[in-house]
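These notes concern the structure reproduced below.
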Protein chains: 2
Amino acid sequence: MEPVVASTPQWRSPCPIASGLDVVGDKWSLVIIRDLIVHGPRTYSEFLDAPEKISTNILAARLKWLHANGLITHVDATRSARNNAYQLTERGAALRPVLDALGRWSHQELIDVHPGILSID
Amino acid sequence: MEPVVASTPQWRSPCPIASGLDVVGDKWSLVIIRDLIVHGPRTYSEFLDAPEKISTNILAARLKWLHANGLITHVDATRSARNNAYQLTERGAALRPVLDALGRWSHQELIDVHPGILSID
DNA sequence: CCGCATCCGTTACGATACTG
DNA sequence: CAGTATCGTAACGGATGCGG
């Protein structure tokens with residue numbers, strides 16, 4: 001019985017940078033993590049409201065992947081007013097410095113080629 | 001006449017994080033940047049020697065992309081002992097803090113799930 | 001409705017053979 | 001040595017359906 005989504009990456013090498021990319025180096029993972037850092041716990045449809053317009057099947061697959069890799073969990077539905085929401089684990093929240101550095105790079109280096117870019121958020 | 005490789009990203013949103021990912025958020029760009037930061041100017045075949053084993057067509061496409069986006073340039077072949085090498089621009093070198101943060105995250109958070117991971121490099 | 005899963009077309013990746 | 005051509009596979013993206 002093959003798993004729908006692999007639970008762990010195929011490590012390309014022992015390099016920490018490549019290994020980090022093996023976990024969050026796809027097109028959407030860090031965008032999802034960004035939403036969780038900026039807004040806190042977030043529901044499926046709230047992720048869909050983000051301006052990047054991820055499609056529903058991709059979102060479901062990425063949430064499954066991030067959960068399997070211990071970066072997010074479900075909010076306990078019985079204990080929270082917000083049902084069916086996702087939140088960051090410690091491991092996921094620890095990505096904040098990466099997002100900060102990336103945001104700063106983009107803001108400094110991409111303004112001329114992407115005039116509409118926002119100053120940090 | 002359609003370009004073989006688009007010269008500029010399709011921006012998903014005005015968010016700096018998403019925009020940074022639109023430039024270097026693929027599977028290989030930051031691995032190539034890492035090699036250039038660690039080793040300095042690097043030739044095509046030296047990139048191929050990296051442990052991640054990128055295939056030749058992908059490497060050529062990514063080098064073209066990174067050049068089109070101003071992150072790398074060719075070393076001046078007439079002035080250098082090392083012909084046909086690539087090097088970082090200021091814009092590319094400015095990604096160092098991103099790689100540092102990612103490397104630290106991986107080293108701290110992925111040791112248990114990836115025992116062979118190296119301590120920074 | 002909300003949270004997905006399924007179907008299917010399109011785009012990225014990957015292994016390998018090959019050329020200037 | 002530095003790529004290109006070819007062709008197969010995997011990821012992505014839009015539309016739609018379906019259970020709770």
- prompt: In debye to the nearest 20, how big a dipole does the protein assembly as shown give about its Cα centre with +1 on each Lys and Arg Cβ and -1 on each Asp and Glu Cβ?
  reply: 40
task: Mind running the shape call on the protein assembly as shown? Use the C-alpha gyration tensor, a ≥ b ≥ c as the square roots of the eigenvalues: rounded below 1.5 for a/c, prolate if a/b tops b/c, oblate otherwise.
output: prolate
- request: Could you give the size of the charge dipole of chain B about its Cα centre, using +1 on the Cβ of each K and R and -1 on the Cβ of each D and E, expressed in debye and rounded to the nearest 20?
  value: 260
message: Relative contact order of chain B, please, whole-number percent, based on alpha carbon pairs below 8 angstrom and at least 6 residues apart.
response: 22
- line: Cα-based Rg then Dmax for chain B, in Å, read 15.5, 50
- prompt: By how many nm would the segment from B:N57 to B:N83 grow when fully extended, if each residue of separation counts as 0.36 nm and the alpha-carbon distance is taken off?
  reply: 7.3 nm
statement: Under the Karplus relation with 6.51, -1.76 and 1.60 and θ = phi - 60°, whole-Hz ³J(HN,Hα) for the stretch B:101-114, x at Gly and Pro, equal 5, 5, x, 5, 4, 4, 5, 7, 9, 10, 4, 5, 8, 9
message: What lysines does B:K53 reach when the alpha-carbon gap must be under 16 Å and sequence neighbours fewer than 8 apart in one chain are set aside?
response: B:K27
- request: For A:A68, put the label point 7 Å out on the Cα→Cβ axis and report which residues of the stretch A:5-37 keep their amide N under 14 Å from it.
  value: A:5-11, A:23-24
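Bear in mind that the values in this text are calculations on the coordinates, not laboratory data. In this text the structure is predicted, and so the values were computed from the model without any measurement. So basically every Cβ, Gly included, is an ideal-geometry build from the backbone, and we count neighbours across all protein chains shown.
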